[in-house]
Amino acid sequence: MRSKNQCCWPSTAGMVKGITMEMMLNGTKSTFPTRALRLALLSTLALPGVAMAQQDGSGDALEEIVVVGERALVGTKTNAALIETPQAISVITDQEFRDRTAVDLQDIYRYSAGVSGATSVDSRGDFVTARGFDAAQYLDGLKRMPDFIYGARLETFTLERAEVMRGPSSVLYGAGGPGGILNGASKTPKFETGGEVGIVFGTDKRKQIQGDVTGALSETVAARLVAVGRDGESQWGTPDDRILINPSLTLDITPDTSLTLIGLYQDDSQGSLGYVPISKSILAPNKTKRVAFNFYQGEPDFGGMDTQYTSGSALFSHKFTQDIVFNSRTRYSYMDTDYKEVYADLSDGGYFAYANPFADAAETLLKREYYVNREKSKVLNTDNNLSVTFMTGDIKHNVLFGIDYTWFKQSKDEGFSCDDYQGLYGCFNGPSPPPINIYNPQYGASFGYSYTNFLDYKSTQLGLYVQDQISWGDRVHVLLGARRDRSTSERNGVRELRQNAWSYRGGIIGELGAGISPYVSYSESFLPVPGGDYFGNAFSPRTARQYEGGAKWEPMRGALITAAYFDIEESNYVSQDPANIQNFIQGGSVGSKGVEFEATIRLPGDYDIAASYSYANPKVLTSSSTLTAGNRLIDIPKEMASFWGNKTFEVGADWEFRAGAGVRYIGNKIDTTQTFLTPSVTLVDAMVSASYGDWSASVNASNLFNKKYYATCGLSSPPEGYCVAAKDRTVLASVTRKF
């Protein structure tokens, strides 16, 4: 079976039950471990500091709201307080991105409990799971990609904060899996003049210039411009270049009406993934047989991905009265991607895998194939809701009525080489690339390629939703929601799917006294599965439900402690056919049990400390033709833990020093054969910075001690398999001038 780390197939993830604990002290968010889980002392930190809400349904249209990690839009679309929301939510600020050397979206969440990002560098996208499932990626409350699409990874410098809501979330967000929602908040214009310009140098020959400037153009118009230019390489020596321009404009049309327009142009040139035979890497009998950690099996001048992404967003808010507010978010995007990859299919014994991947008896020449993919994608999505607040006696209601719509169209041209296999319809393409010497690779081989699969996809989704946030005084809060979806999809002009679904959500949280508020909740997800299997059989939608219960404790303003238990189960699971990498099979159900803890504490003396721990046991609940009940789901670590701390030193009137360090533990992962475990790993991150007036300099490092480890490995049948090298040390040195 080909994993998401090989050629063209993303993985599906598993399911989890667990407990979440979050803590907020003095305006920061944290998680507090229990005695039963002392390993929580080695857990994740998420120091949500000041974040800005763009539009909320509480009656404040586009006002600047200091949330200090206590509020999030992702949970209710109304900027509700976390203490009033019966579901686990985390907030991470842009300062935390930088401190923790977050280069890509998946890096942002690596200190969040229960959230697992890919530890390898994969140009095709960011792969993040929450509670054992793939997490949907949103930007400004709108889904970035309605399906798995190559390219256009999110630039972290364009964000002012990120949020994660764990668990099924279809009532507010429509089509999505049970893992949860990752929502980024774009930098938007401010009426106060400010900004920064900086340069960044780092490992992998990174040279980057970046700028962010905002201010008022008039009393009612503000603008902002964010820009990034980068020249660099991946750890395999392939390109990692980016040009990004992100302008935005806010118009206060009236005191009660505001419109923010956001544009984005992004041009990326990046390489394809690198991986090696398992027998010559993690299972090599000695150092002589082990290939170099950063060995690249592809062709640097052929393999890679060029992407041009353009989008325009409109965020609109109008306050009819203090208690009636309309919010609208709309985005149109266009992306053009050209992806080419030379790979050795080492992952399974299917149609395109070699029984022997080597071309010589000494096992030095690795056979290779190619995959090419040209995609042009268009996405239009819009979300519009009306928030109405009213009283019925002593009970306050904040009712949200909403409608959202997504339209997606894609043309996709693919090509595969297959010298060693004549498929059901003959060989798809022409000659394969020549073998490569794994111990002394020589690049520059020439070979022809062609496109033979020509596909056109079109899908739509229309959703109607209603939510009622009910409050009795400041002590009891009830959350109820329901949604109706209609989804359609077509392939090459033929309708494959027309599905309707109801989704529900409910929860209650109430303060017993001393700031302690127990809660319970229930939520569902609905994920249409376009297309069908290799033989033309249409897929059914994937559905999931979650039970969650726990307690939140707010002992003082700015302090929040949350403990939660959750139980998620998904039906109509889709997994890859082990005998045919072109085929996916649906059936069975998956689930797991686990615990999560997350803590962040701000101490007197400018100390920031945060920790988290999570345990998950994702497994198959009911069997299918590709799933066996009791089997553990692949590529999901059972345990994760992390700890971060930093200290700020004031020296004189103008100088400020900051230093911090973190430790991350990632547990082992099982492969498709259920026989091989990718080993666990412990990593160290660190940062140090100095500021003088408007100038600052910093050095940030992830994987500080350059631990050489593998993100994932897997055996196959006949015995071989592959390993994907994890990201090695990243060090970024930057100088920034603020104004």
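The values are calculated or read from the model by the stated rules, or taken from the named source; none is laboratory data. Note that the structure is a prediction, hence the values are computed from the model and not measured. Cβ atoms come from the backbone with ideal geometry, glycine included; neighbour counts cover every protein chain shown.
Matching residues to (1) at pLDDT 95 or above; (2) within 20 Å of R124 (Cβ to Cβ):
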{"position": "Q208", "(1), (2)": "yes, no"}
{"position": "S218", "(1), (2)": "yes, no"}
{"position": "G237", "(1), (2)": "no, yes"}
{"position": "D241", "(1), (2)": "yes, yes"}
{"position": "I253", "(1), (2)": "yes, no"}
{"position": "D256", "(1), (2)": "yes, no"}
{"position": "L264", "(1), (2)": "yes, yes"}
{"position": "D267", "(1), (2)": "yes, yes"}
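No other residue among N440, N373, N429 is among the polar types (S, T, N, Q), in a loop (DSSP other than H, G, I, E, B) and modelled with pLDDT of 90 or more apart from N440.
The C-beta contact set for segment 278-307 (first residue within 21 Å of F358 (Cα to Cα) and outside the structural domain of L366 (by the TED database), second residue part of a loop (DSSP other than H, G, I, E, B) and polar (S, T, N, Q), distance under 7 angstrom, 6+ apart or interchain) is empty. For the subset of segment 308-337 comprising residues that are within 20 Å of the chain's Cα centre (by Cα) and not hydroxyl-bearing (S, T, Y), which member is farthest from G263 (Cα to Cα)? Taking the candidates together, the pick is M335. Among residues of segment 324-350 that are within 27 Å of W236 (Cβ to Cβ) and surrounded by 23 or more Cβ atoms within 10 Å (Cβ to Cβ), those with a beta-carbon under 6 Å from a residue that is modelled with pLDDT of 90 or more and small (G, A, S) at least six positions away or on a different chain give the pairs V342/G298. Among the residues of segment 610-655, those identified as closer than 30 Å to A559 by Cα and either assigned by the TED database to the domain that holds T119 or β-branched (V, I, T) (or both) are T648, V651.
Return the total of residues in segment 539-552 being surrounded by fewer than 20 Cβ atoms within 10 Å (Cβ to Cβ) and either touching a residue at least 60 places away in the same chain (Cβ under 8 Å) or over 26 Å from the mean Cα position of the chain (by Cα) (or both). Residues flagged as surrounded by fewer than 20 Cβ atoms within 10 Å (Cβ to Cβ) and either touching a residue at least 60 places away in the same chain (Cβ under 8 Å) or over 26 Å from the mean Cα position of the chain (by Cα) (or both) within segment 539-552 amount to 2. When the residues of segment 621-672 are narrowed to those that are among the acidic types (D, E) and over 28 Å from the mean Cα position of the chain (by Cα), which ends up nearest to A135 (Cα to Cα)? Restricting to residues being among the acidic types (D, E) and over 28 Å from the mean Cα position of the chain (by Cα), the top hit is E656.
Scanning segment 604-620 for residues that are in a strand (DSSP E or B) and without any contact (Cβ under 8 Å) to a residue 60 or more places away in the chain, which turns out surrounded by the most Cβ atoms within 10 Å (Cβ to Cβ)? So that I can check it myself, show each step before the final result.
Step one: list which residues in segment 604-620 are in a strand (DSSP E or B), which gives 607-616, 619-620.
From what's left, without any contact (Cβ under 8 Å) to a residue 60 or more places away in the chain: 607, 620.
Working: Y607: 13, V620: 23.
Per the stated criteria, the residue is V620.
Suppose the filter is modelled with pLDDT of 95 or more, more than 26 Å from the chain's Cα centre (by Cα) and not acidic (D, E); does R737 pass it? So R737 passes the test.
Which one of L527, L480 is in the same structural domain as T382 (by the TED database), of a type in the set (A, V, I, L, M, F, W, C) and surrounded by fewer than 22 Cβ atoms within 10 Å (Cβ to Cβ)? Let's see the steps before the verdict.
On the way: L527 fails: surrounded by fewer than 22 Cβ atoms within 10 Å (Cβ to Cβ).
Every option except L480 fails the conditions.
Scanning segment 490-524 for residues that are under 19 Å from D474 (Cβ atoms) and surrounded by fewer than 18 Cβ atoms within 10 Å (Cβ to Cβ) gives I508, G510, L512, G513, A514, G515, I516, P518. Of all the numbered requirements in (1) more than 15 Å from V115 (Cβ to Cβ); (2) touching a Pro at 6+ places or on another chain (Cβ under 8 Å); (3) hydrophobic (A, V, I, L, M, F, W, C), I585 misses one, and that requirement is (2). Is it true that T129 is out of contact with any Pro (no Cβ under 8 Å at 6 or more places or on another chain), of a type in the set (V, I, T) and in a strand (DSSP E or B)? Spelling it out, T129 is indeed out of contact with any Pro (no Cβ under 8 Å at 6 or more places or on another chain), of a type in the set (V, I, T) and in a strand (DSSP E or B). Any residue in segment 453-471 that is aliphatic (A, V, I, L, M), in contact with a His (Cβ under 7 Å, 6 or more places away or on another chain) and either in contact (Cβ under 8 Å) with a residue 60 or more places away in the chain or not in a strand (DSSP E or B) (or both)? Within segment 453-471 (the criterion being aliphatic (A, V, I, L, M), in contact with a His (Cβ under 7 Å, 6 or more places away or on another chain) and either in contact (Cβ under 8 Å) with a residue 60 or more places away in the chain or not in a strand (DSSP E or B) (or both)), the answer is yes, since at least one residue qualifies. Residue count for segment 211-229 under the criterion of being buried (at least 20 other Cβ atoms within 10 Å of the Cβ) and closer than 27 Å to A697 by Cβ: the result is 5. Taking the condition in contact with a strand residue (DSSP E or B) (Cβ under 8 Å, 6 or more places away or on another chain) and surrounded by fewer than 18 Cβ atoms within 10 Å (Cβ to Cβ), does S680 pass? For S680, the condition - in contact with a strand residue (DSSP E or B) (Cβ under 8 Å, 6 or more places away or on another chain) and surrounded by fewer than 18 Cβ atoms within 10 Å (Cβ to Cβ) - is met.
Among the candidates N703, N646, single out the residue that is over 30 Å from F584 (Cβ atoms), out of contact with any helix residue (DSSP H, G or I) (no Cβ under 8 Å at 6 or more places or on another chain) and not acidic (D, E).
Unique residue meeting the criteria: N703.
Screening R166, R144, R131, R206 for residues that are touching a strand residue (DSSP E or B) at 6+ places or on another chain (Cβ under 7 Å), surrounded by fewer than 20 Cβ atoms within 10 Å (Cβ to Cβ) and not acidic (D, E) leaves exactly one candidate, R206. Every test in (1) closer than 30 Å to F739 by Cβ; (2) over 26 Å from the mean Cα position of the chain (by Cα) is passed by T675 save one, and that test is (1).
Might you check whether a residue that is surrounded by 24 or more Cβ atoms within 10 Å (Cβ to Cβ), among the aliphatic types (A, V, I, L, M) and within 23 Å of A223 (Cα to Cα) occurs anywhere in segment 187-197? No, because not a single residue in segment 187-197 is surrounded by 24 or more Cβ atoms within 10 Å (Cβ to Cβ), among the aliphatic types (A, V, I, L, M) and within 23 Å of A223 (Cα to Cα). Note on segment 281-311: among residues that are of a type in the set (F, W, Y) and in a loop (DSSP other than H, G, I, E, B), the one that is surrounded by the most Cβ atoms within 10 Å (Cβ to Cβ) is Y296.
Tell me, yes or no, whether segment 167-189 has at least one residue that is within 23 Å of T93 (Cβ to Cβ), of a type in the set (K, R) and part of a loop (DSSP other than H, G, I, E, B). Within segment 167-189 (the criterion being within 23 Å of T93 (Cβ to Cβ), of a type in the set (K, R) and part of a loop (DSSP other than H, G, I, E, B)), the answer is yes, since at least one residue qualifies. Using the structure shown, decide if S459 is at pLDDT below 90, surrounded by 14 or more Cβ atoms within 10 Å (Cβ to Cβ) and hydroxyl-bearing (S, T, Y). Yes; evaluated as a whole, the condition is true for this residue. Hey, could you check segment 394-411 for residues that are β-branched (V, I, T) and over 20 Å from R486 (Cα atoms) and say which is surrounded by the most Cβ atoms within 10 Å (Cβ to Cβ)? Applying the filter and picking the extreme gives V399.
Restricting attention to segment 98-125, the residues that are more than 14 Å from the chain's Cα centre (by Cα) and part of a helix (DSSP H, G or I) add up to 2.
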